[in-house]
1. Identify the single condition in (1) at pLDDT 95 or above; (2) under 20 Å from the mean Cα position of the chain (by Cα); (3) within 13 Å of chain B (Cβ to nearest Cβ); (4) open to solvent by 30 Å² or more (accessible area, probe 1.4 Å) that A:T72 does not satisfy, given that it satisfies every other one.
2. If you go through the range A:229-239 one residue at a time, do you hit one that is touching a Pro at 6+ places or on another chain (Cβ under 9 Å), assigned to a loop (DSSP other than H, G, I, E, B) and exposed (fewer than 14 other Cβ atoms within 10 Å of the Cβ)?
3. State yes or no: is A:D55 away from chain B (no Cβ under 14 Å) and not in a helix (DSSP H, G or I)?
4. Considering only the range B:168-196, state which residues are of a type outside the set (A, V, I, L, M) and under 21 Å from B:G103 (Cα atoms).
5. Taking the condition of being touching a residue at least 40 places away in the same chain (Cβ under 8 Å), at the interface with chain B (Cβ under 10 Å from one of its Cβ atoms), closer than 19 Å to A:A53 by Cα and touching a Leu at 6+ places or on another chain (Cβ under 9 Å), how many residues in the range A:75-114 meet it?
6. Could you grab the pairs with beta carbons closer than 8 Å, sequence gap of 6+ or different chains, first residue in the range B:194-205 and in contact (Cβ under 8 Å) with a residue 12 or more places away in the chain and within 18 Å of B:I221 (Cβ to Cβ), second one buried (at least 17 other Cβ atoms within 10 Å of the Cβ) and of a type in the set (G, A, S)?
7. Which is within 19 Å of the chain's Cα centre (by Cα), more than 14 Å from every other protein chain (Cβ to nearest Cβ) and assigned to a strand (DSSP E or B), of B:A28, B:A22, B:A61?
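The values are calculated or read from the model by the stated rules, or taken from the named source; none is laboratory data. All values reported here derive from a predicted model rather than from experimental measurement. Here the Cβ positions follow ideal geometry from the backbone for every residue, glycine too, while neighbour counts run over all protein chains shown. Only protein heavy atoms, including side chains, enter the accessible area calculation; ligands, DNA and RNA are left aside. Shrake-Rupley method; radii C 1.70, N 1.55, O 1.52, S 1.80 Å.
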Amino acid sequence: MLALLLSILSNHAEEKPLGWLDHHLEKIENDFSRNRFYFAFSGACRHFDKEHALDLSESDLDSISGMAPGFTIDNRTADHVARTILLLALAEKDQDFFLEVLRALLGAADIREAVVLYSSLPLFPHPEELVSLAREGTRTNVVDIFDAIALDNPFPAAHFENDGWNQMVLKALFMGRPLYRIQGIDTRANGTLATALANYAHERWAAGRPVSPELWRPCAGFVDETIATDIARVAATEAPGQKEAAALVYAHPSNAEKLAEIKESVEPFLKEIENGNLTWDTLGNSLEKDG
Amino acid sequence: MKFLDSHVHMVSRTTDDYQRMASAGVAAIIEPSFWQGQPRTHVGTFQDYFNSLIGFERFRASQFGIRHYCTIGLNPKEANNERLADEVMEILPLYICKEGVVGIGEIGFDDQSAAEEKYLRLQAQMALEADLPIQIHTPHRDKKTGTTRTMDVLEDVGVPPSKVVIDHNNEETVKEVLGRGYWAAFTIYPHTKLGNERMIEIMREFGGERIIIDSAADWGISDALAVPKTAALMKEAGVTLDAIETVSYRNPLKAYGQSGQLKEADWAETEGIDPTDLFEGNTLLRGGQDIGKAMSGEDLVIS
């Protein structure tokens, strides 16, 4: 992955910063100094562009996800990618040493550094050692940092236990984040989460606040009597995405019978679902764009 | 007119100060790392302090349309706790090359002890290695000797004077500091440092070249509006607008801009805030307007 990211970056950066990066990669390999590494990781923003997202080709993105499924540098800046490359070089060191330096970097990270550190987690060896760091990161209230772990990142679905996973999904809703960008949102759904989500929806309704249509996505495979009543309410709610969400829950293979009473109200959407024009992802995407 | 207060400890100030600074045209500020009154006993409290300088304080300032930068360093007073000082030295490299860190500071002498000299030297070397400006605190006691000694140490390490701002100057130190090629900053701070009427006399004698004015407002009796107030007082005293802008804006921009982390475009593109957004019915004028009027109703003299 290091070689691939480096070759992609070299098509999008000037010779001078690339020379600077090469120099540091050589030092990391042959003459490592902790202070020099700190200077390089934090100082990358002084050498590479930090303001514009890289304009990457489909084939670049495909080769990245081919090598690390789910991982992406789409919409990232050059200094972000340079920092990721430095971390990958560090990850080739002894595991305990790598973890110690990683913790030091996290303990002193500014927001953009924290985003690099968390979004690179799926690339590092021994992920079991990184779970507690990632969970600590999800406790943040800084949106960019939370997003770096929760969204467009395969790490949580692959490594969080249910309790950590469920807290992250709930927190994503609290923070108004789009659930469709949480990788594994369907495969990691579970009954405990469905109950917690329904309870959260009841709280919101009691307070007269709107409930995100995406909240019902992880509930679709766990419809009990309570949730069936909730979905009937959603199907009758006049707000963007509500009826679509009810239709998507209805269309889940296990629900036709349980939700028979809402069939009529969701009927207009079933064809769209059948031909693939309406999915949880298209719904989440359009809500995010309009939100 | 816009101002750049290159020395102000905002962690000790309230949002009232931020509002008044924004209203008076302070576009950008630099917050040096310093002691916090109560001596620290653990490296962790230093680390959390540095984290707040690059994190929460920057965010807090941005809410008022003010761009916040900082300098990172081990201050001279706490350099005397050598066990702790060594631990702080170990974490400094994590911070000094970060975004928005415009130098190493404020460092220098307090008691002028051997330990203080040791850490001044080590940090000057670090600045040289990272190619960063240095912000120097000169001692309050035996200032003249301490200022001379500071410059001797810096020159011994090989730091070019053009990359160093020597702060807290007075009538007794300014000549040597400018003569040796350093930037000379003056802190307008009531009672213990320099009053702004004295500052005008210094400007009359030395002009504006390589001179900077700042507030060093902190947890003591100090004034977060010292820079705009002094500018207004200077105007009243007949100092040219060009000279006022040089010492209160362009010079600190040039000196700390050598870090590559501070440029006018950083705040030129942001419109700043309309004070009426902050509190209804407020009539304080913003910078860009006549500085005398902007400060009308304030007592301009700080002594």
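1. (3)
2. Scanning the range A:229-239 turns up at least one residue that is touching a Pro at 6+ places or on another chain (Cβ under 9 Å), assigned to a loop (DSSP other than H, G, I, E, B) and exposed (fewer than 14 other Cβ atoms within 10 Å of the Cβ).
3. When the stated conditions are applied, A:D55 passes them.
4. B:H168, B:N169, B:R180, B:G181, B:Y182, B:W183, B:F186, B:T187
5. Within the range A:75-114, residues that are touching a residue at least 40 places away in the same chain (Cβ under 8 Å), at the interface with chain B (Cβ under 10 Å from one of its Cβ atoms), closer than 19 Å to A:A53 by Cα and touching a Leu at 6+ places or on another chain (Cβ under 9 Å) number 1.
6. B:N196/B:A226
7. Working: B:A22 fails: assigned to a strand (DSSP E or B); B:A61 fails: assigned to a strand (DSSP E or B).
Checking each option against the conditions leaves just B:A28.
Each row is one residue, and each column tells you yes or no for (1) open to solvent by less than 40 Å² (accessible area, probe 1.4 Å); (2) over 15 Å from the mean Cα position of the chain (by Cα); (3) of a type in the set (K, R).
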| residue | (1), (2), (3) |
| --- | --- |
| A:E128 | no, yes, no |
| A:A148 | yes, no, no |
| A:M168 | yes, no, no |
| A:L215 | yes, yes, no |
| A:P218 | yes, yes, no |
